[in-house]
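The next block holds one structure in the form of structure tokens; read it before the comments.
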Protein chains: 2
Amino acid sequence: MGKMELCPKIEAAMQLLGKRWMGLIIYVLLNGPQRFGQLESCLPISGKLLSERLKELEKWGIVKRQVYPEVPVRVVYELTERGKQMEPIISAIHQWAEHSFSEDDFPVEINKD
Amino acid sequence: MGKMELCPKIEAAMQLLGKRWMGLIIYVLLNGPQRFGQLESCLPISGKLLSERLKELEKWGIVKRQVYPEVPVRVVYELTERGKQMEPIISAIHQWAEHSFSEDDFPVEINKD
DNA sequence: ATACTTAATTACTAAAAGTAACTAAATATT
DNA sequence: AATATTTAGTTACTTTTAGTAATTAAGTAT
């Protein structure tokens, strides 16, 4: 059989984007640096998973974590250059979503299936 | 707290792309219609999950399933117009992956965390 | 002492993914 | 006639991942 080979780079990128919340986290961070609690409150994701995802993005060099040892500690996450370069991806997703779906009429129930 | 609202359309799109294998399945189908077995053999995904994902993509109107009741049955999957319109997304991912990673030097081991 | 805040982590449960064996339908082979 | 072959799935079962809620640490403030 043909067994077309997959480019390992796109395979890796897809593995990253193919994880729940990854895209949305990057989408939010494109609006500028955000602290942990801000991300947690504007995304429907638990602190545990958010923490895991941010660590992963840090390992990929997409996100930078900065700790300010203040009154209660402040931790700010921001995109690295590599992270900011993902803007065209998020933008393309946004555009596709905008013109593919009519206002609150989705092909499938969100959060179901 | 600010609690920036997420656009429901991009949220839906991210939920779709944020599922394992979705991006790669669309990526492969952008090369033209493929039968089930071809997809199964060129993607590192089991038949069970491939079947599930294709059903989901069908419900989203991204993929069309065509059955040819031949000798052994032949089932061909192809992108709909809405599916084909995802090309800029996949293309952006491809470009980002190409220039972000140096040859077989990934920030993180693929298939490991 | 006790309480409050943020950024996590831990223990536990629920859901999703992965694996391998199995099925259906139509033929082809022994 | 019985057995094998092919494709596109499905089923039963195990492992991994996600989700929830309670807990922790550090530094104030009451």
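Values for this structure:
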| quantity | calculated |
| --- | --- |
| Ascending list, in nanometres, of distances separating the B:Lys64 label from those of the other copies (7 Å, Cα toward Cβ) | 4.8 |
| Kirkwood hydrodynamic radius of the range A:19-100, from inverse mean 1/r over distinct Cα pairs, in Å | 13.2 Å |
| Order of exposure, largest accessible area first, which applies to B:Arg53, B:Arg20, A:Arg82, B:Arg35 with probe 1.4 Å | B:Arg20, B:Arg35, A:Arg82, B:Arg53 |
| Most fluctuating residue given options B:Ser102, B:Ser51, B:Ser41, as computed from a GNM of chain B linking Cα atoms under 10 Å | B:Ser102 |
| Heavy-atom accessible area order for B:His99, A:His94, largest first, 1.4 Å probe | B:His99, A:His94 |
| Chain B, rotation onto A, residue closest to that axis via Cβ, with its distance in Å | B:Ala92, 2 |
| Using a 7 Å Cα-to-Cβ projection, A:Pro8 label spacings across copies, nm, ascending | 4.4 |
| Area hidden from solvent between A and B (accessible, protein heavy atoms only, 1.4 Å, total, Å²) | 5400 Å² |
| Inter-chain shielding of A:85-93 (mean C-beta neighbours from other protein chains, 10 Å cut-off) | 6 |
| Integer Hz, Karplus 6.51/-1.76/1.60 couplings in order for the range A:20-32, x for Gly and Pro | 3, 6, 4, x, 5, 4, 5, 4, 5, 5, 5, 7, x |
| Surface share of carbon and sulfur [accessible, 1.4 angstrom probe, percent] for the range B:13-99 | 51 percent |
| Label-point gap, in nm, between A:Arg35 and B:Arg20 - each point 7 angstrom along Cα→Cβ | 3.6 nm |
| Sparse-neighbourhood loop sites, GluC sites (Glu not before Pro) in the range A:1-79 - DSSP loop, at most 13 other Cβ within 10 angstrom | A:Glu5, A:Glu70 |
| Scattering profile of the protein assembly as shown at q = 0.10, 0.14 Å⁻¹ [log10 I(q)/I(0), Debye over alpha-carbon scatterers] | -0.48, -0.91 |
| Residue mean of other protein chain beta carbons inside 10 Å, B:15-24 | 6 |
| Exam field: A:Pro44 pseudo-label spacings to other copies (7 Å along Cα-Cβ), nanometres | 3.1 |
| Distance (nanometres) between label positions extended 7 Å along Cα→Cβ at B:Val73 and B:Gln95 | 4.1 nm |
| Value of relative contact order over chain B, rounded to a whole percent, pairs C-alpha under 8 Å and six or more apart | 22 percent |
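The values are calculated or read from the model by the stated rules, or taken from the named source; none is laboratory data. A quick note: this is a predicted structure, and the numbers were derived from the prediction, not measured. Heads up, the Cβs are rebuilt from the backbone with ideal geometry, glycines too, and the neighbour counts pull from every protein chain shown. Note: accessible area is taken over every heavy atom of the protein model, side chains too, but ligands, DNA and RNA are not part of it. Shrake-Rupley method; radii C 1.70, N 1.55, O 1.52, S 1.80 Å.
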